[in-house]
1. Using Stokes-Einstein with the Kirkwood hydrodynamic radius over Cα pairs, what translational diffusion coefficient do you get for the chain at 20 °C and a viscosity of 1.002 mPa s, in µm²/s rounded to a whole number?
2. Calculate for the chain the 222 nm mean residue ellipticity that helices alone would give, adding -39,500 (n - 2.57) per DSSP H run of length 4 or more and normalising by residue count, nearest 500 deg cm²/dmol.
3. Can you give the accessible area of HIS29 in Å² (nearest 10), computed on protein heavy atoms with a 1.4 Å probe?
4. Name the residue from GLY52, HIS67, ALA91 whose Cα lies farthest towards the positive end of the charge dipole of the chain, charges +1 on Cβ of Lys and Arg and -1 on Cβ of Asp and Glu.
5. Please list the non-local residues whose amide H lies under 5 Å from the amide H of SER106, H modeled 1.01 Å from N, same-chain partners needing a gap of 5 or more.
6. Over the chain, what relative contact order in percent results from Cα pairs under 8 Å that are six or more residues apart?
7. Among bridges DSSP assigns within the chain, what percent are antiparallel (round to 5)?
8. Only Lys, Arg, Asp and Glu count, each charged at its Cβ (+1, +1, -1, -1), so figure out the dipole size of the chain about its Cα centre, rounded to 20 debye.
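The values are calculated or read from the model by the stated rules, or taken from the named source; none is laboratory data. Computed from a prediction, not measured in an experiment: that's the story for all the values here. Every residue, glycine as well, gets a Cβ built from its backbone with ideal geometry; the counts of neighbours run over all protein chains shown. When the accessible area is computed, the model is the full protein with side chains, heavy atoms only, and any ligands, DNA or RNA have been set aside. Shrake-Rupley method; radii C 1.70, N 1.55, O 1.52, S 1.80 Å.
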Amino acid sequence: MFELKVVTHFAAAHQLKMVSKKCENLHGHNWKVEVYITGKTLNSAGILIDFGQLKKHVSSIMEQLDHKFLNELKYFQEKNPSSEIISQYIAQTLRKAIDDPSIRVSRVTTWESEDACATYIVD
Ligand SMILES: [Zn+2]
């Protein structure tokens, strides 16, 4: 099994309902995102997926989140834009974008501060 990881960032605002008084207030984070891709089969060039192609997919997802009020995005209308749900959103959106059955988006980790992150692990 091979695993690739790319690291990226976005900055956005959110408001978390039913968490704590502090989180219910509108506030922002500089999120750091780690995306993990796994697969067993390499292509004829000896790679799982071209890093350039992978980064292009990831950065188009970051563009959807960067400098936004996350609660207003369609995906987060019914769900709190917590680091957990943001990780899930990125994993699901990236899987659709890559659209290759031999490549798995295995997990996404979203850091909301230097010492706190949430990971979505794809079953
Ligand atoms: Zn927050």
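1. Numbers: Rh = 15.0 Å.
It comes out at roughly 142 µm²/s.
2. Values: 3 runs with 35 residues, N = 123.
Mean residue ellipticity at 222 nm (helix-derived): -9000 deg cm²/dmol.
3. 30
4. ALA91
5. Excluding prolines and chain starts, which carry no amide H, the hits are TYR36, ILE37, THR38.
6. Working: 209 pairs, mean separation 37.1, N = 123.
Here the relative contact order equals 30 percent.
7. Working: 26 of 27 bridges.
Once the DSSP bridges in the chain are tallied, antiparallel ones form about 95 percent.
8. Details: 15 positive and 15 negative charges, 26 e Å.
Result for the chain is approximately 120 debye, rounded to the nearest 20.
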